Amino acid sequence: MKLTAKDMALVGLFAALIAVCAWISIPLPGLVPITLQTFAVFLTAGVLGARRGTLAVLVYILLGVVGLPVFAGFKTLNPVTFGYVVGFLPLGLCTAGAEKLLPRVKIAKPLGMLLGLLLCYAIGTVWFYFARGRGSSFWDILGWCVFPFIVPDVIKLGLGWLLSKKLKKIVP
């Protein structure tokens, strides 16, 4: 896979955007805050596509893994909630995959984003269950980590999709 200087600059720029948006957060009583990080991942997937979008998310994750405070609340890696961050990786792939499989469907991109979000929830919830300990019920974990985020995430998905349609025209 060959990357041009422009590709590397865009990957770095969007990785930084994800980090900045992760810092914009609303704390909730549980362990997981509402952030604009998901919006930035939707935007990244929508603008950069599968290869560059996934690379941008991977760069963001690696920055956090090596100890930079790029996650929610200016924090480093939280081993309990890290599964949701790992779950961002399929978003770009699902977004681009839906566009390729359904090229004539106008809402293919948001459908791919929605599938990516569902995979993110699944990966993160399973990770949370095993990382936190099996003492909590599956429904408790969904109540802490999924249910409060459905409406905000769907709104962020819609905004990310609409903005990515506009930016895709100017970002090659």
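The values are calculated or read from the model by the stated rules, or taken from the named source; none is laboratory data. Because the structure is a prediction, the values reported are computed rather than measured. Cβ: placed from backbone, ideal geometry, glycine included. Neighbour counts: every protein chain shown.
Each row is one residue, and each column tells you yes or no for (1) at pLDDT below 95; (2) farther than 22 Å from Trp161 by Cα; (3) in contact with an Asp or Glu (Cβ under 9 Å, 6 or more places away or on another chain).
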{"site": "Leu43", "(1), (2), (3)": "no, no, no"}
{"site": "Arg51", "(1), (2), (3)": "yes, no, yes"}
{"site": "Ala56", "(1), (2), (3)": "no, no, no"}
{"site": "Phe71", "(1), (2), (3)": "yes, yes, no"}
{"site": "Val80", "(1), (2), (3)": "yes, yes, no"}
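Quick check: is even one residue across region 93-100 in contact with a Ser or Thr (Cβ under 8 Å, 6 or more places away or on another chain), among the hydrophobic types (A, V, I, L, M, F, W, C) and modelled with pLDDT under 90? Write out each step before concluding.
Residues of region 93-100 that are in contact with a Ser or Thr (Cβ under 8 Å, 6 or more places away or on another chain), as a first pass: 93.
So of that shortlist, the ones also among the hydrophobic types (A, V, I, L, M, F, W, C) come out as 93.
Now drop any that are not modelled with pLDDT under 90, which leaves 93.
Checked against the condition, which is being in contact with a Ser or Thr (Cβ under 8 Å, 6 or more places away or on another chain), among the hydrophobic types (A, V, I, L, M, F, W, C) and modelled with pLDDT under 90, region 93-100 yields at least one hit.
Scanning region 39-53 for residues that are within 27 Å of Pro148 (Cβ to Cβ) and either out of contact with any Cys (no Cβ under 8 Å at 6 or more places or on another chain) or small (Gly, Ala, Ser) (or both) turns up Ala40, Val41, Phe42, Leu43, Thr44, Ala45, Gly46, Gly53. Looking only at region 98-105, decide whether some residue is buried (at least 19 other Cβ atoms within 10 Å of the Cβ) and touching a residue at least 24 places away in the same chain (Cβ under 8 Å). Checked against the condition, which is being buried (at least 19 other Cβ atoms within 10 Å of the Cβ) and touching a residue at least 24 places away in the same chain (Cβ under 8 Å), region 98-105 yields no hits at all.
Residues of region 72-102 being aromatic (Phe, Trp, Tyr) and in contact with a strand residue (DSSP E or B) (Cβ under 9 Å, 6 or more places away or on another chain), which ones? Matches in region 72-102: Phe82 only. Screening the candidates Leu28, Leu48 for the property of being surrounded by fewer than 18 Cβ atoms within 10 Å (Cβ to Cβ) and in contact with a helix residue (DSSP H, G or I) (Cβ under 7 Å, 6 or more places away or on another chain) yields one hit, Leu28. In region 1-96, counting only helices (runs of 4 or more DSSP H) that sit wholly within it, the ones holding 3 or more residues that are over 14 Å from the mean Cα position of the chain (by Cα) span 5-23, 37-65.
Considering region 100-172, the qualifying helices (runs of 4 or more DSSP H), each wholly inside and each with 1 or more residues that are closer than 25 Å to Leu13 by Cα, run over 108-132, 150-168.
A Cβ distance below 9 Å, combined with a sequence gap of six or more or placement on separate chains, defines the contacts here; from region 107-124, residues that are over 18 Å from Cys145 (Cβ atoms) and of a type in the set (Gly, Ala, Ser) reach residues that are at pLDDT below 95 and not in a helix (DSSP H, G or I) in the pairs Ala108/Leu102; Gly112/Leu102.
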